[in-house]
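Take a look at the structure set out below.
Nothing in this text is a laboratory measurement; each read-out follows from the coordinates by a stated rule. Small disclaimer: the values here were computed from a predicted structure and weren't measured. Cβ placement follows ideal geometry from the backbone for every residue including glycine, while neighbour counts extend to all protein chains displayed.
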Amino acid sequence: MASELHNLSDYDPQKVPSGAGRKVAVVYAEWNSDITYALRDGAINTLVANGVAKGDIETFSVPGSFELIYGASRLVKSNKYDAVIAIGCVIRGDTPHFDYICEGVTAGLSQLNISGDTPVIFGLITTNNLEQAQERSGGRLGNKGDECAVTALHMMAQFG
Ligand code: DLZ
């Protein structure tokens with residue numbers, strides 16, 4: 001499970017709770033959209049494959065990963081959803097900006113998880129280059145969006 005080579009899309013359907021009747025919001029960043037759209041679609045497909053009605057999934061875009069904090073916060077405060085999945089992709093550049101965004105988003109989404117009654121699922125991929133992001137958004141290491149959906153299904157069943 002903890003292995004670097006764990007495929008993010010691998011899960012045992014027998015062990016995943018049904019999402020029938022659940023409402024899920026997916027907030028995703030437009031930065032690195034080739035990656036984030038694939039993550040978003042992976043999450044949606046896996047939610048639907050496990051019983052969540054298409055009409056019970058709402059999507060919201062924000063400009064960059066940093067805005068996921070505000071977007072997810074609004075969605076949590078709306079009390080309309082059983083889970084919020086936040087999706088972004090930050091790719092390391094030449095400056096420390098990468099670290100500030102990653103730390104900010106991680107801290108912001110962590111805080112949200114203990115400030116509201118809605119689980120916020122951490123769908124931020126943070127990579128050294130585009131290839132690593134591609135590997136985790138439907139490439140050789142699966143799709144982090146699938147993993148987020150499965151996590152949301154577990155959290156909704158456990159605490160919903
Ligand atoms: C500015 C910036 C940079 C350099 N890199 C990324 C990135 O790799 N992934 C991402 O989602 N967003 C990036 N951003 C944008 C910030 O998240 C944010 O939108 C801006 O700093 C404005 O608040």
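Computed from the C-beta positions of Asn128 and Asn45 and an R0 of 41 Å, the FRET efficiency is 0.90 to the nearest 0.05. In terms of other Cβ atoms within 10 Å, Asp99, Asp82, Asp56 run from fewest to most in the order Asp99, Asp56, Asp82. On the basis of the beta-carbon distance and an R0 of 25 Å, Glu30 and Ser115 show a calculated FRET efficiency of 0.45. Fully extending the segment from Ala53 to Ala20, taken as 0.36 nm per residue of separation minus the present Cα-Cα distance, adds 11.2 nm. Dividing the summed helix terms, -39500 (n - 2.57) for each DSSP H run of n ≥ 4, by the number of residues in the chain produces a 222 nm estimate of -13500 deg cm²/dmol to the nearest 500.
Quote to one decimal, in nm, the extra length available between Phe159 and Asp99 on full extension: 0.36 nm per residue of separation minus the C-alpha distance between them.
Separation in residues times 0.36 nm, less the Cα-Cα distance, equals 18.4 nm.
Rounded to the nearest 0.05, the FRET efficiency derived from the C-beta distance between His6 and Ser78 at R0 = 25 Å is 0.15. Residue exposure proxy: Leu68, Leu141, Leu8, ordered by other Cβ atoms within 10 angstrom of their Cβ from fewest to most, comes out as Leu141, Leu8, Leu68. The trypsin sites (Lys or Arg not before Pro) of the range 40-99 that DSSP puts in a loop, and whose beta carbon has at most 13 other beta carbons within 10 Å, are Lys80.
Which aspartates and glutamates does Lys54 reach when only Cα atoms under 15 Å apart count, and residues fewer than 8 places away in its own chain are ignored? Excluding near neighbours in sequence, the set is Asp41, Asp82. Each Cα pair under 8 Å and six or more residues apart adds its separation to the average, and for the chain the resulting relative contact order is 34 percent.
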